[in-house]
Every structure is written in C-alpha cells, then in structure tokens.
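Written below as structure tokens is the structure these notes are about.
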Amino acid sequence: MNCVKLYRGVHQRNSPLIREAETGKRKLEIDSWFGSRKSSASIRTALSHVDNLITGVIRGFRYKMRFVYAHFPINASIGGDSKSIEIRNFLGEKKVRKVEMLDGVTIVRRNLEVNTGDVLILDYILQ
C-alpha cells in the first residue's frame, strides 16, 4: 500500500509496481536492471502515479466544464450542498438527469464572461 501523507491530507493507493519504499524518507527510488521496454514503461507509469498522488494531495485538481449547445438550451441547478447537479433539457429531453459527485468533490457554477455561457468548476483534493 503506497501512502502519500502531506499537510493537506493523506491518500493511499495500492500499486503492484512499487514493491517497497522506505517510510519517512523524502525521496523515492524505483530501479530496474536490464529492463525491457515493457518494464521501463511500467516504471514510468509508477512514477506518474506517485506524481499525481502528490499533486492531488498538495494542490488538488480543478476541472472547468462549459455548457455547450446549439439549439436546446441546457439548464442546470446545483444542490444545496454542492454535491449534486440536476441537468434539464439536455438535447431537448424531458428527463431530468441527476449526477451525484464523488466524495471530496465540490461543484460551483460561474458565469465568467458574457458570451461564453455558464461554467461548472469541479474542485477535488485527494484525502
């Protein structure tokens, strides 16, 4: 079990690529002797996973999504706790789509510019 513990949170992930790492050290070393192309690629994948873990705990992730439509205007309303969103009139449908956010994800609706329409901002910090 790989664990990243920093001042903003703790996140654990099970990765079969990283077998052992010394706890308490500030450096992670992954090596392979006489590795093939496939094993070298898996090492780079493991390093990318660790890098994403550290980024997620320190800064978090932010996604900006924009409502884009040509004919049917999309209406959306965010729940009171910023954990769900209801989408109406998607492609002219009468059905209301309700999307629940994952744990730790908050959603905010903003109108950044006049001509761009509404923007949803999803913030997530790994915990």
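The values are calculated or read from the model by the stated rules, or taken from the named source; none is laboratory data. Only a predicted model underlies this, so the values are computations on that prediction, with no experimental measurement involved. FYI the Cβ positions are ideal-geometry reconstructions off the backbone, even for glycines, and counts take in every protein chain you see.
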query: Only one of Arg37, Arg19 is among the basic types (Lys, Arg), farther than 30 Å from Val105 by Cβ and at pLDDT 70 or above; which?
result: Arg37
task: State the number of residues belonging to the range 60-86 that are in contact with an Asp or Glu (Cβ under 6 Å, 6 or more places away or on another chain) and in a strand (DSSP E or B).
output: 3
query: Which one of these is modelled with pLDDT of 80 or more and closer than 28 Å to Thr106 by Cα: Asn14, Asn75?
result: Asn75
Which numbered condition Val99 misses (of (1) modelled with pLDDT of 85 or more; (2) in contact with an Asp or Glu (Cβ under 9 Å, 6 or more places away or on another chain); (3) farther than 23 Å from Asp123 by Cβ): (3)
field: Flag for Leu91 being surrounded by fewer than 12 Cβ atoms within 10 Å (Cβ to Cβ) and on the phi > 0 side of the Ramachandran plot
entry: yes
